[in-house]
Ligand code: ADP
């Protein structure tokens, strides 16, 4: 376009038109932040310049061949940016970079190769330079990309009103691009038509970004089409009959002729209307969807919901009826509960994958206030694009978009919203018509009583369920209390057994010592042996008493810990040391996995050794000869930067019945016969006083850690084994107060068997 054919009046008029649109957009203050508005304004301004360039201004002509077409290209680029923002493309940057580079290339080609390659054909307006060709190709590619992407976004959007917005934009784009295509031809009439059409398209786009209430493009096209088809068929047939009569009339005498014409007029008068309605009845459902008998729908709906006494069931009935009418495959009943601080909405899904996640809306929330105030259906499209709903919070928006609904219809009582019928988009992709929305609102109004009844009924059901669960819990607590009661009485038996055994030994050996001494039969060797026995028995007594003291400390004021940087590796080595002999004798395999790589943690070294001694001691005791004990360590990173380590002590022993998984951590609880007394710390199934695990648990919990056991059950033949899980924080809260150096191994008191080791 070099402007040779441009009508100066039209060009000036166009310029004025574009400037007017710029002013219109600029007047909508505050909308400049809106990207589509911003880019469209610049596009319109560039279009005004482009219109001016169509006038033959010699000074401009000389600067660059094909100047106006270059401006047109810049316009397409800006149009793309506005479209990208409107359609929400993810990769807008590529458009700007690719388009900008292409336009620059065409300008450079024009500057460096200004001579036409051949004589420009008469029907095109663009000069046949290298840059001219590049301009044409760039325009084609940019325009096609714009149209295709917008069209694909439209096709990919399942929500009819959202899609309608994109279709509207695509149609306006199409008008502009067709008008620009027209402008490439050299024809006195085509140029003004192209210019006017382009302005019409620009007006369409301006309206598109300024108002969220766009008309239903597809609906209008369908209605227009239906009207054209109905009128076409009806008048076509009427015309045929008319022509046929004229043809027959030529051959007939005038009297019969007149009678025939009168008869035909009468028949036409009587039959035209019914015939037209028949055509309508065939065409309308195909193009506009089925009509329905409102009163019949309301009647059958009321009957169906009055028979429903459960919220879930009610949701299914409501959405089932509506989905049958409107053919949607998504819907839910949203229960609204009025709380002092606002509303709590709980979705009861009926069709489609819908989350049951509850959502709280503030008392003055725009969504609930609108539903309660207007008592009218609210479209998701309005929530997304009506500036009135701009104040919705991000959380509310996310929840709503995850619901994936097309329309929300309030079920309102006198004073508030009791629920909302949420309906997904129609499968056909058509919008909900006004009459359909009115029908849904009527049905929602019918639902109030049924909903209240169903909620009361469900409330009753859930109260019953709560009572049932409480009963189960009570039974469990009862069982536990029974066991604890038994533990209490067992405690006397265990404690007296445990204390009596070493005491009897001390007393027995002391008696022997005395008797032999009186008879003067004692030699040095015998004395050493007897005193050795007395010492061992009193050591056992001492250990037992210190364990009891530890256990009682757990109850009174918890354990006092001395936190130091500690390695689990060292702790395990010290804990297993006293068990080494038993492990060897009983041919147990002891494996450590991943322990070396564990980081240093802040812990009470001595107490952790005590805890692991007890756990490992149990693993040794309850694993038959030849079994395996494995200790694995892993680091568990956490999001808040507070890392943990997990240590799992697994054995291939007799296992533990799941019903005792919690009880074994209770003081003096032990599975089996309480009459058995401590039979040694390492013998297979050697009974202990039932204090090892409670102390281990107390130590680990004092470190802000956790301990629990997993086992499939107790079975001496199958040997399911047990897995004790211990989680410890790398830096427990209490450790921050104390920081002390790592105690060296040599610094530990040298003892054959540590005093804190139980069982
Ligand atoms: P005890 O001094 O009796 O070993 P604990 O508190 O250490 O007391 O353990 C309580 C009970 O838990 C034990 O009597 C035993 O029945 C059971 N138990 C503990 N560890 C294991 C294990 N690794 N395998 C099987 N049973 C175990």
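Some values worked out for this structure:
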| read-out | value |
| --- | --- |
| Subset of segment 668-684 [in contact with a helix residue (DSSP H, G or I) (Cβ under 8 Å, 6 or more places away or on another chain), modelled with pLDDT of 60 or more and within 8 Å of the ligand (Cβ to nearest atom)] | 669, 670, 671 |
| So residue 600, is it more than 12 Å from the ligand (Cβ to nearest atom) and at pLDDT 95 or above | no |
| Complete set of residues in segment 408-417 that are within 14 Å of residue 443 (Cα to Cα) and part of a strand (DSSP E or B) | 408, 409, 410, 411, 412 |
| Residue match in segment 257-276 (condition: surrounded by fewer than 16 Cβ atoms within 10 Å (Cβ to Cβ) and in contact (Cβ under 8 Å) with a residue 40 or more places away in the chain) | yes |
| Residue 31 over 25 Å from residue 164 (Cα atoms) and at pLDDT below 90 | no |
| Enumeration of residues in segment 702-730 that are surrounded by 16 or more Cβ atoms within 10 Å (Cβ to Cβ) and more than 18 Å from residue 655 (Cα to Cα) | 702, 703, 704, 705, 727, 728, 729, 730 |
| Lone qualifier among 503, 554 - being farther than 30 Å from residue 648 by Cβ and assigned to a helix (DSSP H, G or I) | 503 |
| Unique residue being modelled with pLDDT under 95, farther than 28 Å from residue 546 by Cα and away from the ligand (no atom under 16 Å from the Cβ) when the list is 594, 626 | 594 |
| Output for segment 183-213, where each listed residue is crowded, with 17+ Cβ neighbours inside 10 Å, under 27 Å from residue 127 (Cα atoms) and within 49 Å of the chain's Cα centre (by Cα) | 194, 195, 197, 198, 199, 201, 202 |
| Criterion (in contact (Cβ under 8 Å) with a residue 12 or more places away in the chain, in a helix (DSSP H, G or I) and under 30 Å from residue 669 (Cα atoms)) met by exactly one of 534, 530, 512, 492 | 534 |
| Only listed residue being in contact (Cβ under 8 Å) with a residue 24 or more places away in the chain and surrounded by fewer than 20 Cβ atoms within 10 Å (Cβ to Cβ), chosen from 298, 311 | 298 |
| Entirely in segment 317-370, the strands (runs of 3 or more DSSP E) that have 3 or more residues that are surrounded by 20 or more Cβ atoms within 10 Å (Cβ to Cβ) | 331-339, 342-351 |
| Matching entry among 178, 87, 171 (being without any contact (Cβ under 8 Å) to a residue 24 or more places away in the chain and within 27 Å of residue 211 (Cβ to Cβ)) | 178 |
| Among residues of segment 650-666, those that are touching a helix residue (DSSP H, G or I) at 6+ places or on another chain (Cβ under 7 Å) and more than 8 Å from the ligand (Cβ to nearest atom), counted | 2 |
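The values are calculated or read from the model by the stated rules, or taken from the named source; none is laboratory data. None of the values given here were measured: they were computed from a predicted structure. Here Cβ is always computed from backbone atoms with ideal geometry, including for glycine, and neighbour counts include all displayed protein chains.
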